[in-house]
1. So if I check each of R125, R121, R95, R87, which one is surrounded by fewer than 17 Cβ atoms within 10 Å (Cβ to Cβ), within 21 Å of L14 (Cα to Cα), at pLDDT 95 or above and of a type outside the set (A, V, I, L, M, F, W, C)?
2. Just checking, which of V138, V146, V63 is of a type in the set (V, I, T), under 22 Å from Y27 (Cα atoms) and in contact (Cβ under 8 Å) with a residue 60 or more places away in the chain?
3. Pick from region 42-60 the residues that are among the polar types (S, T, N, Q) and in contact (Cβ under 8 Å) with a residue 12 or more places away in the chain: which of them is nearest to C7 (Cα to Cα)?
4. Which one of E126, E92, E144 is touching a Leu at 6+ places or on another chain (Cβ under 7 Å), closer than 25 Å to S2 by Cα and not β-branched (V, I, T)?
5. Any idea which residue in region 101-114 is nearest to A133 (Cα to Cα), counting only those that are hydrophobic (A, V, I, L, M, F, W, C) and surrounded by fewer than 23 Cβ atoms within 10 Å (Cβ to Cβ)?
6. Sort out which residues of region 130-151 are hydrophobic (A, V, I, L, M, F, W, C), surrounded by fewer than 16 Cβ atoms within 10 Å (Cβ to Cβ), in contact with a helix residue (DSSP H, G or I) (Cβ under 9 Å, 6 or more places away or on another chain) and more than 23 Å from T50 (Cβ to Cβ), and write them in order of number.
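The values are calculated or read from the model by the stated rules, or taken from the named source; none is laboratory data. Just so it is clear, the structure is predicted and the values come from calculations on it, not from any experiment. Cβ atoms come from the backbone with ideal geometry, glycine included; neighbour counts cover every protein chain shown.
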Amino acid sequence: MSVRKACADDLDALAQIVANTPLWQRYGVTVATARIALEGGLARNEAVLTIDTDGALGGLAWVQPQAGFGRSPYLKWLGVAPGGNRRGLGRELLRGAEDAARTTRAELILLCSDFNLDGQRFYEREGYARVGALPDYVLLGVAELVYFKKL
């Protein structure tokens, strides 16, 4: 497994990973919208990362350098390909994201949906503190939990 910067040739596979993830489906993300968003991230030279596993892309992490309150690196997306959970891919991608964040500031902010209990446990195990909640921020009836970590 190796984390690396994604390139344009990776975008179709990464967009498929995003669109096939139930969490992002709940937010209405499609292959087309995911691809457009990822293209924008690459065009802005943001840290769009992927992980190679057994000849396929196993997931992605996307860090925007100052999208957290106009100051802090923000983890926009972190996810693994369907069937890739519990293999350490998310942890490796998060470490890559943290390394990318350090080039801007030694901290990272992210949002985690209130219904995403596995995600909350994961980030807390990785040393992130829940510092707030934004009710109805993206979807009505869903609070986005704000997590923060000094790196």
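1. R95
2. V138
3. Looking at residues that are among the polar types (S, T, N, Q) and in contact (Cβ under 8 Å) with a residue 12 or more places away in the chain, I get T50.
4. E126
5. L111
6. Passing the criteria: only L139.
Residue-by-condition table, conditions (1) touching a residue at least 40 places away in the same chain (Cβ under 8 Å); (2) more than 20 Å from G41 (Cβ to Cβ); (3) out of contact with any helix residue (DSSP H, G or I) (no Cβ under 9 Å at 6 or more places or on another chain):
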{"residue": "K76", "(1), (2), (3)": "no, no, no"}
{"residue": "G79", "(1), (2), (3)": "yes, no, no"}
{"residue": "E92", "(1), (2), (3)": "yes, no, yes"}
{"residue": "E98", "(1), (2), (3)": "yes, no, yes"}
{"residue": "R102", "(1), (2), (3)": "yes, no, yes"}
{"residue": "L117", "(1), (2), (3)": "no, yes, yes"}
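Quick grid of which residues meet (1) surrounded by 17 or more Cβ atoms within 10 Å (Cβ to Cβ); (2) touching an Asp or Glu at 6+ places or on another chain (Cβ under 9 Å); (3) among the hydrophobic types (A, V, I, L, M, F, W, C):
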position: T30; (1), (2), (3): no, no, no
position: A34; (1), (2), (3): yes, no, yes
position: G40; (1), (2), (3): no, yes, no
position: R44; (1), (2), (3): no, no, no
position: D54; (1), (2), (3): no, no, no
position: L57; (1), (2), (3): yes, yes, yes
position: F69; (1), (2), (3): no, no, yes
